[in-house]
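Just below is one structure, and these are the notes that go with it.
The values are calculated or read from the model by the stated rules, or taken from the named source; none is laboratory data. Note that the coordinates shown come from a computational prediction; the quantities given were computed from them, not determined experimentally. Note that each Cβ is placed from the backbone with ideal geometry, even for glycine, and that neighbours are counted across all protein chains shown.
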Amino acid sequence: MTTMEDWLTASIGAMTELGTSVLGYGAVTVVGTTRGVVPSGAGAYLSLIGDETVELGLIADTAACAAAARALLGMAPEEELSESDMADACCEIVNMASGLVKRTPELEAMKTGLPLFVSGRAMFPESAEASSVELDLDGLRLWFVVIRMPGEAATTRTEAGKACALCHRPS
C-alpha cells in the first residue's frame, strides 16, 4: 500500500512531465500543498481502483481549465472553445496524468476508471484522506487533487462510480 506522500510525489512528477511536454508550458512549480481540503472549481476526476480507491483530480477556475484545454488542443488563447470541448480536454488531461502516475511500479496493477468533469465542490466520504497540490504552469494556476478511500469505502465508491458513469452519459 502507498502513502499519501507517495501519491503526491507521483502526481507532481506526472503533472510536471505533462505540463512541460504535452501542454507546452516552460515550467511547472509547486506553490503549496494542502491536506484535508478539496478545492472547489471546475475540472475532472478519475478513479484508480485496486487495494484502495484513489480519486485523482485536476481542478481550477473555468478560465484556467479553458487555458489548459486550449494548450492540449494546440489552440491559440483567443480561439473559441466550447464548454463540451473544455470538459473533454480536462478529462483527457487527468486521464494522461493518471497514466503517468500509474508508471510507479506498485500502482501499475490499479484499474483506471472513466474521467468525470465536475463544476463546484466534489463531496467524498468523511473517512477519505484528501490532499491537493497547487501548481503554477507559467502563470496558470491549478490544483492536482488526491483523495484516498479506505478499503471498505473503496468497494462502495467503485460501485457508485460505475452507476454514476452509466447515468451521466452525454446527451
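Of the residues that sit in the stretch 46-98 and are within 19 Å of residue 6 (Cβ to Cβ) and of a type outside the set (A, V, I, L, M, F, W, C), which one is modelled with the lowest pLDDT? The residue in question is 51.
Every test in (1) in contact with a Pro (Cβ under 9 Å, 6 or more places away or on another chain); (2) touching a residue at least 40 places away in the same chain (Cβ under 8 Å) is passed by residue 48 save one, and that test is (1). What number goes with the only condition from (1) surrounded by fewer than 22 Cβ atoms within 10 Å (Cβ to Cβ); (2) more than 11 Å from residue 146 (Cβ to Cβ) that residue 19 does not pass? Result: residue 19 passes all but (1).
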